[in-house]
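Novice: Structure in structure tokens, see below.
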2 protein chains.
Amino acid sequence: MSSPAQPIVPVILSGGSGTRLWPMSTPERPKQFLPLTAEATMFQLTALRARDPDRFASPIIVGAARHAELIEAQLAEIGIVPQAVILEPAARNTAPAIALAAFEAGDAPLLVMPSDHAIADEAAFLDAIEAALPLVREGWLATFGITPDAPETGYGYIRIGERLGEGVHRVERFVEKPDRARAEAMLAEGGHAWNGGIFLFGARAYLDALAVHAPEIHDEAKTAHNAATREGARLLPDPKAFAACPSDSIDYAVMEKAEKVAVAPVAMGWSDVGSWDALHGLAVCDEAGNCSHGPVRLEDSANVYIRSDGVRISALGVEDLIVIASGNEVLIVPKGHSQEVKRFSG
Amino acid sequence: MSSPAQPIVPVILSGGSGTRLWPMSTPERPKQFLPLTAEATMFQLTALRARDPDRFASPIIVGAARHAELIEAQLAEIGIVPQAVILEPAARNTAPAIALAAFEAGDAPLLVMPSDHAIADEAAFLDAIEAALPLVREGWLATFGITPDAPETGYGYIRIGERLGEGVHRVERFVEKPDRARAEAMLAEGGHAWNGGIFLFGARAYLDALAVHAPEIHDEAKTAHNAATREGARLLPDPKAFAACPSDSIDYAVMEKAEKVAVAPVAMGWSDVGSWDALHGLAVCDEAGNCSHGPVRLEDSANVYIRSDGVRISALGVEDLIVIASGNEVLIVPKGHSQEVKRFSG
């Protein structure tokens, strides 16, 4: 269905700081650059997800300047050559980051992917992309709506509207992160999906909508891109113009305001890997629910998630516990409390 | 009451291996050489307990050859000059170790003390020594009976017999480590004390009893002592003779068999510091029952004992947990399970 003449450009957003996965995740090496769900890092898995040359062009990476070497080394490891590595001089949230990629990409369709999400069923993901592509070629902005399986309060929701085609619907409205009761009601009612922050749209369509709904971001990002310095594949946007760019998310700045916004609902084993609890949920555990990585000895324990990249952890008789050791830091937190870990990461 | 002409010789047994306090306690530096209950090590506290020159002569230390430098350095730190440091070429339990000290001491009264016990009330201990001394000068072997405050199953018990004098009784019998029901019965019945492994007797009286009840130990220890090599205060028993010495405890070899065996019951805040749980019990904790040493951050936690000599431990929302980090090892065990730690120490 996709035109061979105009392959999709993967845009990989790798600017996150991942404070909830401290102490493994640090400002120097945030979670997307760690091998948390597999032997490859989450950034590498994201790039590998969109490497089929029949569908995809070389990716554009948008990340923090401090991570330039990490980005390049991790791409080299998996043999992926980016068409551009855009190095943000400061964090300005997703709307400006995607604008830089859009100005760089010309008029290609862009598949915008955060680099710190897990997707178990890649075939389902690729099918959803195929489903959304015809509308995208007609100028629609598409998002992927994750089929919810729990009343999560940490995600935004999408109310799914009228059917626009096979596997794709109009977005009726975006729903902010709900409280527990509201989340349960949406789950019971059906017709809602999680907003996974993955998007497909034409670069021009995105920039046009940005120009209408967030003109300041559009204009400053354009200036920053035009005045960028280039070093090989590296692109360094003009720091002054980019600093002048308002910081805003693509959801607030564009998706919630634009006219032609579609959602492709998809069940693909998606997780934003937002906590150590989430990682335990994704991990392959033994019969007692234990999962360990690194030098770990575990006896008479159950439902334990232990990782160490250095010191040896010996645990005996513990249950429902998360233990993460990295370098000189050891975190100990009961299951269900790992969202609070950011209190330690400062 | 004691004769100024014949002060008591402290005999400090420092050969223990302390596997239950792993990972802090290691074969290279077992628990007696660690500052676990105070800024001084338990070995140092033991030596300081018997340093009053009006009562005590310079101590004799019996320890493992591998700990010679540790013993000497820790004594030097507290300004105590030993009359002898007897370095066992192999571990042969307490009966042979005390025999070596007795051969070295001539005919002085010996106060035999393990170096890895805590005693909170030193005045009570010194009073009990004074109470036992007259009988000891008459040739009795005295032990100190710790007033029990819980139905412990990890200690031997002493059934207290007829009164022999102020604060001192005949030992009616020794009771092996009991099961829970038996321990509870003894506690309810009264008239029993824990066998704390601290002894007071004349060197000659001990050796005479040893010659009768364990003549092989007596003879091989005598040969090992006679053929010992000396280097300053160091005394290295003849390895071949000492290796030929049967390995046995003073309790089995002598105390349970000898005729004139007395017990001085004493409540002195004694603990054998046999586990991390025991150390938590001895520690000064905050209002939530938490106690931490070293680089530790603790939030929303209760009844937690955390020690680290290296890595930083950050714990959140945990309860009833023991965490010990030493060098490259981190132990995590719930309160009440720390006796099982020796499973990891091998």
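The values are calculated or read from the model by the stated rules, or taken from the named source; none is laboratory data. These figures come from a predicted structure and were not determined experimentally. Note that we place each Cβ from the backbone using ideal geometry, even for glycine, and neighbour counts take in every protein chain shown. Quick note on the areas: whole protein, heavy atoms, side chains included, nothing else; ligands and nucleic acids left out. Shrake-Rupley method; radii C 1.70, N 1.55, O 1.52, S 1.80 Å.
Novice: Compute the long axis of helix A:180-189 from its Cα atoms, compare it with the longest principal axis of the Cα atoms of chain A, and write down the angle in degrees, 0 to 90, nearest 10.
Specialist: Once rounded, one gets 70 degrees.
Novice: OK, next. In peptide B:325-331, what is the residue-averaged number of other protein chain Cβ atoms found within 10 Å of each Cβ?
Specialist: That average works out to 5.
Novice: Same structure again: Mind grabbing the accessible area of B:Thr26 for me, 1.4 Å probe, Å², rounded to tens?
Specialist: Answer for B:Thr26: close to 40 Å² accessible.
Novice: Moving to a separate point now. Could you work out [θ]222 nm for the protein assembly as shown from helices alone, using -39500 (n - 2.57) per DSSP H run of at least four and dividing by all its residues? Round to the nearest 500 deg cm²/dmol.
Specialist: Mean residue ellipticity, 222 nm, calculated: -8000 deg cm²/dmol.
Novice: Can you list residues whose amide H is under 5 Å from B:Ile86's amide H, if they're 5+ apart or on another chain and H is modeled 1.01 Å from N?
Specialist: Excluding prolines and chain starts, which carry no amide H, the hits are B:Ile61, B:Val62, B:Gly63, B:Leu235.
Novice: With a Förster radius of 51 Å, plug the Cβ-Cβ distance of A:Asp107 and A:His293 into 1/(1 + (r/R0)^6) and report the FRET value to the nearest 0.05.
Specialist: Between A:Asp107 and A:His293 the formula returns 0.70.
Novice: Before anything else, pin down the relative contact order of the stretch B:1-84: Cα pairs under 8 Å, at least 6 apart, normalised by residue count, whole percent.
Specialist: It comes to 33 percent, rounded to a whole number.
Novice: In addition: Take the alpha-carbon centre of the stretch A:91-116, take the same for the stretch B:41-73, and report the distance between them in whole Å.
Specialist: 72 Å
Novice: Also, I was wondering about something else. For the stretch B:243-310, what number results from the quotient of the Cα radius of gyration and 2.2 N^0.38 Å?
Specialist: Output field value: 1.83.
Novice: By how many degrees, 0 to 90 and rounded to 10, does the Cα axis of helix A:215-226 deviate from the longest principal axis of chain A?
Specialist: Tilt of helix A:215-226: around 90 degrees.
Novice: While we're on this one: Using Cα pairs under 8 angstrom and six or more residues apart, how large is the relative contact order of the stretch B:212-282, in percent?
Specialist: Contact order relative to length: 27 percent.
Novice: Also: For the stretch B:130-179, what is the largest minus smallest coordinate of the Cα atoms on each principal axis, given in angstrom and ordered from greatest to least?
Specialist: For the stretch B:130-179, the Cα extents along the three principal axes come out at 36, 18, 16 Å.
Novice: Let me ask another. Would you compute, for the Cα atoms of the stretch A:191-263, the largest minus smallest coordinate along each principal axis and list the three values in descending order, in whole Å?
Specialist: 47, 25, 20
Novice: Can you list the residues, at least 5 places off or on another chain, whose amide H is less than 5 Å from the amide H of B:Ala57, using H built in the peptide plane?
Specialist: B:Ile8, B:Val9
Novice: Determine how large the accessible area of B:Leu21 is when every protein chain is in place; take a 1.4 Å probe and give Å² rounded to the nearest 10.
Specialist: Approximately 0 Å² for this residue.
Novice: As an exercise, take the mean of 1/r over every pair of distinct alpha carbons in the stretch B:121-241, invert it, and state the Kirkwood radius in angstroms.
Specialist: Kirkwood radius, the stretch B:121-241: 16.7 Å.
Novice: At 4 °C and 1.567 mPa s, what whole-number value in µm²/s does Stokes-Einstein give for the translational diffusion of the stretch A:53-185, with Rh from the Kirkwood sum over Cα pairs?
Specialist: 75 µm²/s
Novice: Give the residues of the stretch B:250-274 whose amide nitrogen is closer than 13 Å to a point set 7 Å from the Cα of B:Glu176 in the direction of its Cβ.
Specialist: B:252
Novice: Follow-up. At B:Pro151, label 7 Å along Cα→Cβ: distances to the other copies, nm, ascending?
Specialist: Distances between equivalent label points, in nm: 4.7.
Novice: How compact and how long is the stretch B:232-346, expressed as Rg and Dmax of its alpha-carbon atoms in Å?
Specialist: 20.6, 58
Novice: Taking A:Gln83 in one copy and the same position in all the others, each labelled 7 Å out along Cα→Cβ, what are the pairwise distances from the first, in nm, shortest first?
Specialist: 9.2
Novice: For the stretch B:126-137, just list the computed ³J(HN,Hα) in residue order, Karplus coefficients 6.51, -1.76 and 1.60, θ = phi - 60°, integers in Hz, with x standing in for Gly and Pro.
Specialist: After applying 6.51 cos²θ - 1.76 cosθ + 1.60, I find 5, 4, 5, 4, 4, 5, 7, 4, x, 5, 4, 5 Hz.
Novice: Related question: Pairs of Cα atoms under 8 Å, at least six residues apart: use those to get the relative contact order of chain B, whole percent.
Specialist: 20 percent
Novice: A further question on this structure: Give me a single rounded figure for B:313-323: the average over its residues of other chain Cβ atoms within 10 Å of their Cβ.
Specialist: Across the residues of B:313-323, the mean count of other-chain Cβ atoms within 10 Å is 5.
Novice: Taking Cα atoms, how many degrees apart are the long axis of helix B:94-105 and the longest axis of chain B, rounded to 10 and kept between 0 and 90?
Specialist: 50 degrees
Novice: Where q = 0.10, 0.12, 0.14 Å⁻¹, what log10 of I(q)/I(0) comes from the Debye formula for chain A, counting one point per Cα?
Specialist: -0.62, -0.89, -1.18
Novice: I've got another one for you. Could you state the number of Å between the C-alpha centres of the stretch B:259-314 and the stretch A:217-285?
Specialist: Answer, in whole Å: 51.
Novice: Do any cysteines in chain B lack another Cys Cβ under 4.7 Å, and if so which?
Specialist: Taking the Cβ cut-off of 4.7 Å, the unpaired cysteines of chain B are B:Cys245.
Novice: Now for a different question. How large is Rg over Rh for the stretch B:290-346, taking Rg from the Cα atoms and Rh as the Kirkwood inverse mean of 1/r across Cα pairs?
Specialist: Rg/Rh: 0.96.
Novice: Under the rule that an exposed site lies in a DSSP loop and has at most 14 other Cβ atoms within 10 Å, name the longest stretch of chain B with no GluC sites (Glu not before Pro) of that kind, not counting the sites themselves.
Specialist: For GluC sites (Glu not before Pro) (loop position, at most 14 other Cβ atoms within 10 Å), the longest site-free span of chain B is B:40-137.
Novice: Let me ask something else about it. Under the Kirkwood approximation applied to all pairs of distinct alpha-carbon atoms, what is the hydrodynamic radius of the protein assembly as shown in Å?
Specialist: So the Kirkwood estimate lands at 30.3 Å.
Novice: Quick one: net charge of A:Gly202's neighbours, Cβ under 15 Å, K/R +1, D/E -1?
Specialist: -2
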